[in-house]
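The values are calculated or read from the model by the stated rules, or taken from the named source; none is laboratory data. Just so it is clear, the structure is predicted and the values come from calculations on it, not from any experiment. Because the Cβ atoms are built from the backbone with ideal geometry, glycine has one as well, and the counts that use them run over all protein chains shown.
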Amino acid sequence: MNTTVLLVTLLLSFGITALLGFPLIPYLRRLKFGQTILDIGPSWHKKKQGTPTMGGIMFVIGATIAIAGGYCLLVFYQAAPQGLGTRFFGGIVMALAFGAVGFLDDYIKVVKKQNLGLTARQKYLFQLIIAVFYLTMLYLSGDTSTIVRIPFLGQLDLGLLYYPFAVIVITGFVNAVNLTDGIDGLASSVTFMYALCFIVISGMLAQAYTGVIAAALAGGTLGFLVWNFYPAKVFMGDTGSLFLGGLVVALAFDVGFPLLLALAGMIYWCEAFSVMLQVGYFKLTHGKRIFKMSPIHHHFELSGWSEVKIVTVFSLITLVGGVLSILAVLAM
């Protein structure tokens, strides 16, 4: 029964997302909601100038409808546990809120023609508020544990330090997913692999509601890849990448194992860490660089890797991280 619910959720998310491309992409073109390619990137990216952005709206709609449909099926089959509402919808609301911040950022960039969008301080303030809101929702749902499970090593009770730790993890990984969205199909493909991992983990833990979110995420990213795989006909924009980041984080917190993000989400933190290393080294050495360009996918691109090769390798690495995550759950 749960398998049927997950399959229906995945297919619904895939179908709605993929079909929305037909009306939405031409509409974005008519509105001239095209991506501006900055000079700081690889020179060959200039040919992507004007490709419609904010296409993440497609899977925001597709995944949200599919999650609602999956939840209704759980209720119909009487598989939704008591008191599920606050916890289940907390993650969805968080992802939608992050998507709204991304939409505002994209709107300023594309419509107002201000390439930088929201300032870093404005964006992080919004994200901080959303993260605190989500943790409050978890607390109200009865999840008051401050124990952090460390993959393969055991667990540690952080006490009150758990909450600032959780805020850093949430905002850090949401921004890391955002950084991963730099070449055609990369964020979508990596997140698809990540979602597949959590479909398996949710089944192992008998958490059908987490599986519904993971299935909707997998279906939405796969549906978007129909339009976003190289050569991309549309980009997701911050609207999509921040929404994805919200669901990525919600899945790890839903299973009570946030540090699975270090394994299943290894590509995300590698992307973010490469930026931090590059910036720090640049400042310390007065202009020297570790990578040809950061985030690290651009380093490989400038080293001669094609976009398809980078997407393939990074997706396979995520698959390996997903297998390690599954083993970590088995070892709990």
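Between a first residue in region 1-22 that is closer than 14 Å to Ile57 by Cβ and of a type in the set (Val, Ile, Thr) and a second residue that is modelled with pLDDT of 95 or more and surrounded by fewer than 20 Cβ atoms within 10 Å (Cβ to Cβ), which pairs have beta carbons less than 6 Å apart while being 6 or more apart in sequence or on different chains?
Once the first residue is closer than 14 Å to Ile57 by Cβ and of a type in the set (Val, Ile, Thr) and sits in region 1-22, its partners that are modelled with pLDDT of 95 or more and surrounded by fewer than 20 Cβ atoms within 10 Å (Cβ to Cβ) give Ile16/Ile65.
Can you go through Val311, Val323, Val275, Val279 and tell me which one is within 28 Å of Gln127 (Cβ to Cβ) and modelled with pLDDT of 95 or more?
Only one candidate qualifies: Val311.
So in region 55-78, with the set limited to residues that are over 30 Å from Pro26 (Cβ atoms) and surrounded by fewer than 17 Cβ atoms within 10 Å (Cβ to Cβ), which one is modelled with the lowest pLDDT?
Gln78
Mind checking which pairs have a first residue in region 174-196 that is on the phi > 0 side of the Ramachandran plot and touching a residue at least 12 places away in the same chain (Cβ under 8 Å) and a second that is assigned to a helix (DSSP H, G or I) and buried (at least 24 other Cβ atoms within 10 Å of the Cβ), Cβ under 9 Å, 6 or more apart or different chains?
The qualifying pairs are Gly185/Phe224; Gly185/Asn228.
Would you check which residues across region 227-238 are in a helix (DSSP H, G or I) and in contact with a Ser or Thr (Cβ under 8 Å, 6 or more places away or on another chain) and list them?
Result: Asn228, Gly237.
Looking at (1) touching a residue at least 12 places away in the same chain (Cβ under 8 Å); (2) part of a helix (DSSP H, G or I); (3) more than 30 Å from Met94 (Cα to Cα), find the lone condition where Tyr281 falls short.
Going through the list (1) touching a residue at least 12 places away in the same chain (Cβ under 8 Å); (2) part of a helix (DSSP H, G or I); (3) more than 30 Å from Met94 (Cα to Cα), Tyr281 breaks only (1).
Quick one: what pairs do we get from region 304-316, first residue assigned to a helix (DSSP H, G or I), second at pLDDT 95 or above, C-beta under 6 Å, 6+ apart or different chains?
Note: pairs meeting the criteria are Val311/Leu186; Val311/Ser189; Phe314/Val190; Phe314/Ile267; Ser315/Ser189; Ser315/Val190; Ser315/Met193.
Taking the residues in region 132-159 that are assigned to a strand (DSSP E or B) and either under 23 Å from the mean Cα position of the chain (by Cα) or of a type in the set (Phe, Trp, Tyr) (or both) as candidates, determine which candidate is farthest from Ala328 (Cα to Cα).
Per the stated criteria, the residue is Val148.
Go through (1) within 17 Å of the chain's Cα centre (by Cα); (2) modelled with pLDDT of 90 or more one by one and return the number of the condition Gly90 breaks.
All conditions pass for Gly90, except number (2).
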